[in-house]
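Written out below as structure tokens is the structure these notes cover.
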Amino acid sequence: MAASPAPLPFVDRLLEPVRHSTAPLLVWHGPNQERVELSGRVFDNWVAKTANLLAEEFGAGPGTVVRLSLPLHWKSLALALGVLHTGATVSVAGAVEDSGEANIVASDAPEEAAELEPAADVISVALGTLALSFGGSAPADAVDYAAEVRAFGDYFLADPVPAEATALRTGTGSTTYAELFGTPAPGGTALLPAGTGLGEALAAAISVWSAGDTLVVLGDGAQATDHLLETERVQRTLGAAEAGAGTAGAGSAEAGTAEAGTAEAGTAE
């Protein structure tokens with residue numbers, strides 16, 4: 001009988017090569033020509049602070065289920081990697097266990113999320129790049145991600161995670177850590193189109209970053225124009241099937257640009 005794979009600090013192994021890099025790791029395009037670029041160093045900082053917030057505020061770790069009720073966005077990817085850094089499970093909308101299973105829910109609509117997951121702790125997430133707090137209606141005991149995350153440490157001391165532990169739950173099933181982190185997809189700078197589900201996007205991001213490449217993400221309202229493709233030096237576009245391949249069953253700044261390293265992400269450090 002073959003031995004089980006050894007536990008590993010999966011996120012630490014993914015981000016360690018880019019921890020001090022100033023090259024772009026993630027570029028997000030939103031509506032109104034908004035562009036946010038995160039270097040490896042800046043993204044690693046967001047992930048570490050997020051993991052520390054989850055672990056210290058909520059005791060997140062192996063066995064914890066964190067529902068991300070969020071659109072495709074650079075913050076939702078930072079939150080997802082932060083969850084995985086603690087060894088917990090990311091659950092997205094439409095997951096097989098779709099209600100009552102989450103210990104923590106992070107949402108840009110926290111009052112609605114609290115109604116759907118009444119037993120879960122709630123994190124309110126402001127999606128504005130320059131937002132210093134949530135600013136909208138939220139449960140009184142909700143943790144304000146934008147306001148609180150900056151106070152947490154820049155490095156997360158990760159424990160090894162069992163390879164067979166559940167990393168991701170989507171509408172089509174569950175994916176282990178070994179599966180999610182085991183499929184590098186080389187090929188140069190990759191574009192993830194608007195409308196991609198967060199579970200598929202997370203799998204795609206990990207595959208692209210495992211190969212040492214940059215991921216360009218289009219949020220709601222962003223279009224893959226010829227100018228954008230040329231500016232970001234996109235070499236391939238990931239379709240829904242390719243973006244979800246890691247799951248089991250499952251450039252130049254433009255007008256209005258906000259650069260995460262000098263705007264919100266820079267103040268997080």
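The values are calculated or read from the model by the stated rules, or taken from the named source; none is laboratory data. Not measured: the values here are computed from a predicted model. Ideal geometry is used to build each Cβ from the backbone, glycine not excepted, and the neighbour counts take in all protein chains shown.
Brief remarks follow.
- Selection of first residues in the range 137-149 that are closer than 11 Å to Leu53 by Cα and of a type in the set (Phe, Trp, Tyr) and of second residues that are part of a loop (DSSP other than H, G, I, E, B) and at pLDDT 95 or above, restricted to Cβ pairs under 8 Å at least 6 apart or on distinct chains, gives the following pairs, ordered by first then second residue: Tyr145/Val125; Tyr145/Ala126; Tyr145/Phe134.
Results for (1) under 19 Å from the mean Cα position of the chain (by Cα); (2) within 20 Å of Arg35 (Cβ to Cβ); (3) at pLDDT 95 or above, shown as yes or no for each residue.
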site	(1), (2), (3)
Glu179	yes, no, yes
Ala190	yes, yes, yes
Gly199	yes, no, yes
Ala203	yes, no, yes
Val208	yes, yes, yes
Leu215	yes, yes, yes
Glu230	no, yes, yes
Arg236	no, yes, yes
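- Just one of the listed residues (Leu81, Leu72, Leu38) is in a loop (DSSP other than H, G, I, E, B) and of a type in the set (A, V, I, L, M), and it is Leu72.
Each row is one residue, and each column tells you yes or no for (1) over 16 Å from the mean Cα position of the chain (by Cα); (2) within 24 Å of Leu130 (Cα to Cα); (3) of a type in the set (Lys, Arg).
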| residue | (1), (2), (3) |
| --- | --- |
| Leu25 | no, yes, no |
| Asn45 | no, yes, no |
| Ala51 | no, yes, no |
| Gly61 | yes, no, no |
| Thr64 | yes, no, no |
| Pro71 | no, yes, no |
| Ala80 | no, yes, no |
| Val83 | no, yes, no |
| Ala93 | no, no, no |
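- Index of the failed condition, Leu54 passing every other in (1) over 20 Å from Leu198 (Cβ atoms); (2) of a type in the set (A, V, I, L, M); (3) buried (at least 24 other Cβ atoms within 10 Å of the Cβ): (1)
- Among (1) surrounded by 15 or more Cβ atoms within 10 Å (Cβ to Cβ); (2) within 28 Å of Ala119 (Cβ to Cβ) - the single one Val42 does not satisfy: (2)
- Residue within the range 89-112 that is charged (D, E, K, R), surrounded by fewer than 21 Cβ atoms within 10 Å (Cβ to Cβ), at pLDDT 95 or above and part of a helix (DSSP H, G or I) present: yes
- Residues of the range 13-39 satisfying the condition of being surrounded by fewer than 21 Cβ atoms within 10 Å (Cβ to Cβ) and of a type in the set (Asp, Glu): Glu16, Glu34
- Residue match in the range 103-117 (condition: closer than 21 Å to Asn52 by Cα and touching a His at 6+ places or on another chain (Cβ under 9 Å)): yes
- Yes/no for Ala147 being among the aliphatic types (A, V, I, L, M), touching a strand residue (DSSP E or B) at 6+ places or on another chain (Cβ under 7 Å) and modelled with pLDDT of 95 or more: no
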